[in-house]
Structure formats: C-alpha cells, structure tokens
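Reading through the structure tokens given below for one structure.
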Amino acid sequence: MSVPLIDVPADLLAELRHVRSGTDDDRDAALSALDLHPLTGGMQNDLYLWNSPDGDVVIKLYVKTDRQRVQREQAALTLLTPHGLRTVPTLLWYDDAPIEPAIGMTRLHGQPILKAADQLAALRALAHTTTQLQTVPLTGLLATLPRIDTGEHYMVRLTQEWPELLAGQPDDPLTSAMQQLLAAWQRSGDADLVAAPAAPVLSRGDANLLNWMMTNDGAACVDFEYAGFSNVAFDAADLIEHISGREIPDNIWLQLLPDLGVTDANRHQFAANQRTCALRWLAILWKQRDRRREEFAAQHERVEMLYNNVNPYA
C-alpha cells in the first residue's frame, strides 16, 4: 500500500459512520457540523465533500464491498497517482475498516461530457485520457485481476442465463426474434474472437459516460471500483455500445475508432466485441422491456443493424 498524501481522518470517519446510523433529520445537521456535504453521482456507494484543512476532499464510503470494489479502486488510484494525471482523482488516503471502508481523493471540477457542445472534441479528449490510462504499466493487484464485466462475463449471459429465460417464455411474442438473434451471434464466431488472447491494459471497467466530465485539463473520469485489466478492442466496443453511448450518433463514434485504438489489426476483434456488447444490453433490456419499451425497441433495432449489411462499422 502506498503512503497516504495526508493522514487518514480517523475521528471524522468514526463520526461520519455514527451519523449515518441516525435519522435523516439528525443526519443533515450533523453532517453540516462536520463540514461534510453529500454528493450526487454515487450509484453504488456514498460520496461526501469534506472541507478539510488541506482543501476539498472527496470521501467515498463503500456500502457495497462485493467483487473487491474497494481493493480495485484503491489499487487503481495507487497505480495512477504517481503519474500525475490531472484527469483522474489523486488518492489521498485509504481506510480499510471492516465495515464501510473509505478512501479520500481530490475533487475534479468540470461539466458532464454528455452536455458538451462539441461532442466530437469531447469524446476525442475522452479517448486521449483512455489511452493515457492504458499506457500505464500494470502492476500489483490489477495485473492479475480482470475488470468487472469482461467479454467472457457477457458471454455467460448470452450462452446460459438469457437462453434459459427465453426458453421459459415460449409464448412471448418477442421470444422467437430474440432466439434468432442469439443464433446469429452463435453462428458468427464472435464468441471465439471475444475470448481470443489480447495484450492486457489498465481498464476502468465501467463504460458509463456519466462518469466522465470535461475539465480545463481535458476529459476526466471518476469511479474505478470496477477496474482491472482488459484489452483495447473490448474496451472500445464496450464504450460505444454502453447504453449511455446511445446519445452519441454513430458518425461521431466512427470518427473516433482510431483514437480508441481500433486498427486494421484488431478490427475484427473489435467488431465481434461490439456485437456481443450490444446483444448483452439487449438481454438486459429484455428483462425490463415492459417499463423500458422505447429503450428496448431501440436496442433491438441496433442489434439487428449490427448484424445486417447496413452496419456502418463493417
């Protein structure tokens, strides 16, 4: 473990954990007394801004500790902090308490990347930051631990979980169409290309564009609790096919392929990963098709597009 840049605020963390166990009415006043302010954006865990004597500190308190979330984020920030990148948080300290462990990191300031006026320039900056992350040598935990949600993990959903669910609903009007798409994927040979060996690179493990912002230093990203090793082709495909990426038109993504490391050498591997990622999202939305009808319909159309002769990525 690296030496913290500032001391772990043990007393403050003890007070914070105590406050969190109280009522909501008491909590707001108690947090304010501690110079702590809740932050939005913590989907899985809780974030607070602390006005510390050393300046603003973002405290991330881990409610969910499965899948080595804490260890992954601590290892990623430990790996990145010595490189002085201004587009990722700097790790300040790590508190490995058995319940609600926490890390402290610097705060990044910027605007959500999805709100950028120039989408191409913003995403080109994102690609630049991604390349910087991928060129950091993998050592320690992340050299041996694959990112969460790998291509192999997606394939488990497509070869085991989803087919079983579809088989259990033979009368659903969508079942036949979904099974036909799965059969096309299985015939395509995409699974072999997704599982093919590739040079490992550092990956955040989360392609959600909501975790990116435009700053004065370029495109910055937060949230490394899914980090691990991956490969360039899969991460490019996962980024483009993430459900948040549907706000970006394909003509922009196509221009960005070289920036994201897609070359003639890995183009077929990228395409296989792209179709697999898109089909995985269709499987997710199929389970929620009644309440997310429009998203499901759009994803169904996208997967069909990727498997026919109008695919612009082909």
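Tell me whether the stretch 162-182 contains one or more residues that are modelled with pLDDT of 95 or more, touching a Lys or Arg at 6+ places or on another chain (Cβ under 6 Å) and part of a helix (DSSP H, G or I). No, every residue in the stretch 162-182 fails to be modelled with pLDDT of 95 or more, touching a Lys or Arg at 6+ places or on another chain (Cβ under 6 Å) and part of a helix (DSSP H, G or I).
Within the stretch 115-128, the residues that satisfy the criterion of being surrounded by fewer than 17 Cβ atoms within 10 Å (Cβ to Cβ) and either of a type in the set (A, V, I, L, M) or free of Cβ contacts under 8 Å to residues at least 60 places away in the same chain (or both) are Lys115, Ala117, Asp118, Leu120, Ala121.
From the list Glu301, Glu295, the one residue that fits, being in the same structural domain as Ala195 (by TED's automatic domain parsing), over 19 Å from the mean Cα position of the chain (by Cα), in contact (Cβ under 8 Å) with a residue 12 or more places away in the chain and in a helix (DSSP H, G or I), is Glu295.
Report whether or not Leu85 is surrounded by fewer than 21 Cβ atoms within 10 Å (Cβ to Cβ) and of a type in the set (A, V, I, L, M). Considered against the rule, which asks whether it is surrounded by fewer than 21 Cβ atoms within 10 Å (Cβ to Cβ) and of a type in the set (A, V, I, L, M), Leu85 comes out as yes.
When Asp25, Asp66, Asp56 are checked against the criterion of being over 30 Å from the mean Cα position of the chain (by Cα), loosely packed, with under 15 Cβ neighbours inside 10 Å and not hydroxyl-bearing (Ser, Thr, Tyr), Asp25 stands alone in meeting it.
Quick one: is Val194 over 28 Å from Arg86 (Cα atoms), of a type in the set (Val, Ile, Thr) and out of contact with any His (no Cβ under 6 Å at 6 or more places or on another chain)? So Val194 passes the test. Do we find that Leu92 is part of a helix (DSSP H, G or I), crowded, with 19+ Cβ neighbours inside 10 Å and over 19 Å from the mean Cα position of the chain (by Cα) in this structure? The answer is no for Leu92. Every condition in (1) touching a residue at least 12 places away in the same chain (Cβ under 8 Å); (2) assigned to a helix (DSSP H, G or I); (3) of a type in the set (Gly, Ala, Ser) holds for Ala314 except the one numbered (2).
One residue stands out in the stretch 1-42 among those that are in a loop (DSSP other than H, G, I, E, B) and free of Cβ contacts under 8 Å to residues at least 12 places away in the same chain: the one that is nearest to Ala207 (Cα to Cα), namely Thr40.
Given the options Ala177, Ala220, Ala207, Ala196, name the one that is outside the structural domain of Ile59 (by TED's automatic domain parsing), of a type in the set (A, V, I, L, M, F, W, C) and free of Cβ contacts under 8 Å to residues at least 40 places away in the same chain. Give the derivation first.
Values: Ala177 fails: free of Cβ contacts under 8 Å to residues at least 40 places away in the same chain; Ala220 fails: free of Cβ contacts under 8 Å to residues at least 40 places away in the same chain; Ala196 fails: free of Cβ contacts under 8 Å to residues at least 40 places away in the same chain.
Selected residue: Ala207, the only one of Ala177, Ala220, Ala207, Ala196 that is outside the structural domain of Ile59 (by TED's automatic domain parsing), of a type in the set (A, V, I, L, M, F, W, C) and free of Cβ contacts under 8 Å to residues at least 40 places away in the same chain.
Quick one: which residue in Thr131, Thr78 is assigned by TED's automatic domain parsing to the domain that holds Thr215, in contact (Cβ under 8 Å) with a residue 60 or more places away in the chain and either part of a helix (DSSP H, G or I) or under 23 Å from Ile248 (Cα atoms) (or both)? On inspection, the qualifying residue turns out to be Thr131.
Only one of the listed residues (Gln255, Gln274) is part of a helix (DSSP H, G or I), at pLDDT 95 or above, assigned by TED's automatic domain parsing to the domain that holds Leu142 and under 21 Å from Gln180 (Cβ atoms). That residue is Gln274. Inside the stretch 200-233, residues that are among the small types (Gly, Ala, Ser), in contact with an Asp or Glu (Cβ under 6 Å, 6 or more places away or on another chain) and in a loop (DSSP other than H, G, I, E, B) make up a count of 1.
The values are calculated or read from the model by the stated rules, or taken from the named source; none is laboratory data. Please read these numbers as outputs of a predicted model, since none were measured by experiment. Quick reminder, even Gly has a Cβ in these numbers, built from the backbone with ideal geometry, and neighbours come from all protein chains shown.
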